[in-house]
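Derivation of every value follows stated rules applied to the coordinates shown; laboratory data play no part. On a predicted model such as this, the values are computed, not experimentally measured, just so you know. Cβ placement follows ideal geometry from the backbone for every residue including glycine, while neighbour counts extend to all protein chains displayed.
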Amino acid sequence: MLVSEILAKKGNKVFKILPTKTMMDAIKGMASFKVGAVLVVDENDKTVGIFTERDVTRCLAAHGSGVTEAPVGEHMTRDPLVCQASDSVASVMSMMSNHHFRHMPVFSDGKLAGIVSIRDMVSNSLERAEFEAEAMRAYVTAS
């Protein structure tokens with residue numbers, strides 16, 4: 001299965017923010033959109049980083065609550081690893097697992113196509129496994 005198939009199911013909306021906006025702006029946006037990551041883009045809509053719930057936790061632990069007024073650009077993960085919509089789900093899951101992150105921007109033909117989370121990947125894998133198990137049960141009982 002390809003990442004593009006997951007995006008087709010979940011949609012391709014991505015919450016984006018400028019690096020000059022505050023961490024609190026990003027936190028409020030993530031809460032409002034019910035997402036765990038925000039893509040940080042420049043004025044030309046070019047991806048320059050990603051800011052996640054884990055970044056929030058690390059910043060608060062290291063700097064205290066006052067850090068939420070700092071610009072997102074100071075605390076984001078710069079130049080995040082990305083995948084292509086044509087990549088296999090298995091390869092992207094492996095990359096996410098090996099690098100210990102839960103959100104990955106997806107590109108297609110050089111343009112942002114969406115963002116996937118490890119939850120999207122696991123849910124998809126479980127749905128697929130359930131479908132295959134049901135097909136196998138139907139095959140066995142039909143014999």
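Taking the 0 to 90 degree range and rounding to the nearest ten, how far is the long axis of helix 89-99 tilted relative to the main principal axis of the chain, both from C-alpha atoms?
40 degrees
With 5 Å bins from zero, work out the P(r) of the range 3-142 over every alpha carbon pair and list the percent per bin.
The distribution over the range 3-142 is 2, 10, 18, 19, 17, 13, 8, 5, 3, 2, 2, 1, 0, given as percents.
So for the chain, averaging the separation of alpha carbon pairs under 8 Å that are six or more residues apart and normalising by length, what relative contact order in percent results? List each step's numbers first, then the result.
Working: 197 pairs, mean separation 36.5, N = 143.
This gives 26 percent for the chain.
Which of PHE33, PHE51 has the fewest other C-beta atoms within 10 Å, and how do the rest follow up to the most?
On the way: PHE33 12, PHE51 28.
Ordered by Cβ neighbours within 10 Å, fewest first: PHE33, PHE51.
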